[in-house]
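The values are calculated or read from the model by the stated rules, or taken from the named source; none is laboratory data. Everything numeric in this text was worked out from a predicted model, so none of it was measured. Heads up, the Cβs are rebuilt from the backbone with ideal geometry, glycines too, and the neighbour counts pull from every protein chain shown. Side chains included, ligands, DNA and RNA excluded: accessible areas come from the protein's heavy atoms. Shrake-Rupley method; radii C 1.70, N 1.55, O 1.52, S 1.80 Å.
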Amino acid sequence: MLNAIIQGILLGGLVVLFACGLSLLFGVMGVINLAHGDIAVAAAYVAVAIVPVLHIPAIWIFAIVVPLFMVAGYIVQRLLIQPSLNSGPLTTLLVTFGLSVIIENLLLEIFSANSHSLAIGSLASSAFKLSSQISIAYLSLLILVVSIVVVAGVQLGLYRTRTGRIIRAVADDREAAELIGADYRHIFGIAAGLAFGTVALAGLSLAMYSQVDPSSGPDYLIFGFEAVVIGGLGSLWGTFAGGIVLGIATTIGLFLSANFGALAPHIVFLLVLALRPQGFFPKKVAV
Amino acid sequence: MESARPLLELKSISKRFSGVIVADDLSFTVGVGESLGIVGPNGAGKTTLFGMIGGDIKADRGEVRLDTRLLNGMDSAERARAGIGRTYQVPRSFEQMTVFENVLVAAQHGAGLRGRSAHEMAQGVISATGLQRSINRPAGRLGLLDRKRLELAKALATSPKVLLLDEVAGGLTDPEVDELIGVVSESRGAGVSIIWIEHVVRALVETMERLICFAGGRIVGDGRPLDVLAMDAVRELFLGSEPGDERYLHGPKPMTGGVEGAKAGDGSETEHG
């Protein structure tokens, strides 16, 4: 049981990476990005495609793919999401849903329906033992640490940096931000860049941890979304807590019965939604 | 009344909203360092005028220039960076951020300052507007006077060439108005041109060197404040003011019968024309 909880916390790190960008985009722009999971999968496939070409160790791929997706995020925001923002929340849902369908089918077309993973050599399988019962995989631990660093970094950046402060200002009142000379569209682009960067990180981590296939995006979207809601909308540390809770629910579910693992986190989500719909750490305004 | 060099120029500005004329071939200029008060009845288009200078409302016709630079086609963020500072009737601060952060983002993005100079600018403006003791409070928890101060501080932090004040004195008590007048006068001393829309006429008479009375999209009077208030056409707008009657100079309370008095009394936050 203790092992299940520890493994759950480790798995939660991955969920947090997925949810972080979703939380950020919702917090800043009020946009629910339905393509979020597909973007993670796309990042994994980009890595799968370029690793053999560049002949570099898979771990270096982060330095290429994450910045690439940050730029892509900025562009997607400015060209696709921004024009839909003024027509109401339904339009942004439709646009991101369309993006999701397009990404999924492009991946199917280019890479077929086979699943892929990123080979990272011995790191993928090496682990250390805490006790005779509990062993901790280095990769899982690394992902958890990265998720903590990402959430803490984004949070710190939002409160301590020039760009972070204006992101919070725009999230608060975009017209008032314009009055003091900030171009909110540019700021939204930066926020989207951050969100895409973190979800690319999630996608790469996932491809190292297990396997991805073109149609798996929506599953991760659901997980990320549940983490955001459990934690309370607009709160990054809340999202972190939500991710960990979902991770633990999954592994405890698996511990109880092999079939229950996939269902347990969704049941926890429904329970939270029924008993505490505002989440654990709700915030009045975003970020 | 205008100083030699025009800073803000409005040329033949026209604007109508579904048939209602809010600006009718309107032209005037404001000089460098000049202070201009604007009065007029509700719905005269005063706030719309600010909207057209500030960039969130498009004029149907005409030009707006700042320092000879054409502002037409620039959005409000660009105009803010170009030197138009603006406060709103209903203060719009970033509620979750502290007072310091509110002013800091204005210094960074409006004035384009970085690093230490942005911090110093923010600190200076906060001291000047009397917000020092609330510097680390979230803006959402300020009282009305402090919200108005913060609105002013944010506008000042963008280091504007022209400051557009929309009813900053509305809803304040007399001593509070005095405090605010002090702050505005200080920023004038720093060479900033000011256009101030206000129902509290006393505030304008005490601080502004020029007054425009604006009604039906036209300028009805333009000159030294006391001269303008003495004009027949202007007095006609403020019903109930007999020739020689200067009650409206002393704030809204004694002027229950006048248009201006009624407005100042019944909530200046309602006007959006």
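Beta carbons closer than 7 Å, at least 6 apart along the sequence or on distinct chains, pair a first residue in segment B:126-148 that is open to solvent by 20 Å² or more (accessible area, probe 1.4 Å) with a second that is of a type in the set (Lys, Arg) for B:GLY130/B:ARG149. Considering the conditions (1) open to solvent by 30 Å² or more (accessible area, probe 1.4 Å); (2) modelled with pLDDT of 90 or more; (3) facing chain A (nearest Cβ under 9 Å), B:ALA118 is excluded by exactly one of them, (1).
Against the definition (over 19 Å from B:GLY112 (Cα atoms), within 14 Å of another protein chain (Cβ to nearest Cβ) and surrounded by 22 or more Cβ atoms within 10 Å (Cβ to Cβ)), how does B:ILE53 come out, yes or no? For B:ILE53, the condition - over 19 Å from B:GLY112 (Cα atoms), within 14 Å of another protein chain (Cβ to nearest Cβ) and surrounded by 22 or more Cβ atoms within 10 Å (Cβ to Cβ) - is met.
Check whether at least one residue in segment B:72-83 is under 16 Å from B:ILE194 (Cα atoms) and more than 12 Å from chain A (Cβ to nearest Cβ), and report yes or no.
Let us first name the residues in segment B:72-83 that are under 16 Å from B:ILE194 (Cα atoms), namely B:79-80, B:82-83.
Keeping just the survivors that are more than 12 Å from chain A (Cβ to nearest Cβ) gives none.
The answer is no, given that none of the residues of segment B:72-83 is under 16 Å from B:ILE194 (Cα atoms) and more than 12 Å from chain A (Cβ to nearest Cβ).
For segment A:236-276, a residue qualifies if it is among the aliphatic types (A, V, I, L, M), over 14 Å from A:ILE5 (Cβ atoms) and within 18 Å of the chain's Cα centre (by Cα), and the qualifying residues are A:LEU236, A:ALA241.
Taking the conditions (1) open to solvent by less than 70 Å² (accessible area, probe 1.4 Å); (2) in contact with a helix residue (DSSP H, G or I) (Cβ under 6 Å, 6 or more places away or on another chain); (3) in contact (Cβ under 8 Å) with a residue 40 or more places away in the chain in turn, A:VAL146 satisfies each one other than (2). Check A:SER100, A:SER132, A:SER140 and return the single one that is hydroxyl-bearing (Ser, Thr, Tyr), outside any strand (DSSP E or B) and open to solvent by 70 Å² or more (accessible area, probe 1.4 Å). On inspection, the qualifying residue turns out to be A:SER132. Per the listing B:SER187, B:SER159, the residue uniquely out of contact with any strand residue (DSSP E or B) (no Cβ under 6 Å at 6 or more places or on another chain) and modelled with pLDDT under 85 is B:SER187.
When segment B:84-113 is examined, which residues are found to be open to solvent by less than 20 Å² (accessible area, probe 1.4 Å) and of a type in the set (S, T, N, Q)? Residues satisfying the conditions are B:THR87, B:GLN89, B:SER93, B:ASN102, B:GLN108.
Given the condition of a type in the set (Phe, Trp, Tyr) and touching an Asp or Glu at 6+ places or on another chain (Cβ under 8 Å), answer yes or no: does some residue in segment A:274-286 qualify?
First pass over segment A:274-286, keeping only residues of a type in the set (Phe, Trp, Tyr): A:280-281.
Retained after the next criterion (residues that are touching an Asp or Glu at 6+ places or on another chain (Cβ under 8 Å)): none.
Scanning segment A:274-286, I find no residue that is of a type in the set (Phe, Trp, Tyr) and touching an Asp or Glu at 6+ places or on another chain (Cβ under 8 Å), so the answer is no.
Can you give me the number of residues within segment B:134-190 that are within 14 Å of chain A (Cβ to nearest Cβ) and either under 15 Å from B:PHE94 (Cβ atoms) or assigned to a helix (DSSP H, G or I) (or both)? Within segment B:134-190, residues that are within 14 Å of chain A (Cβ to nearest Cβ) and either under 15 Å from B:PHE94 (Cβ atoms) or assigned to a helix (DSSP H, G or I) (or both) number 15.
Of everything in segment A:149-169 that's in contact (Cβ under 8 Å) with a residue 12 or more places away in the chain and at the interface with chain B (Cβ under 9 Å from one of its Cβ atoms), which residue is most open to solvent (accessible area, probe 1.4 Å)?
Of all residues in segment A:149-169, those in contact (Cβ under 8 Å) with a residue 12 or more places away in the chain come to A:150-151, A:154-155, A:158, A:163, A:166-169.
Then drop every residue that is not at the interface with chain B (Cβ under 9 Å from one of its Cβ atoms), which leaves A:166, A:168-169.
Values: A:ILE166: 1, A:ARG168: 17, A:ALA169: 0 Å².
Step by step, filter segment A:149-169, then rank; the result is A:ARG168.
When B:PRO175 is tested against the conditions (1) out of contact with any Phe, Trp or Tyr (no Cβ under 9 Å at 6 or more places or on another chain); (2) farther than 24 Å from B:GLY37 by Cβ, the lone failure is (2).
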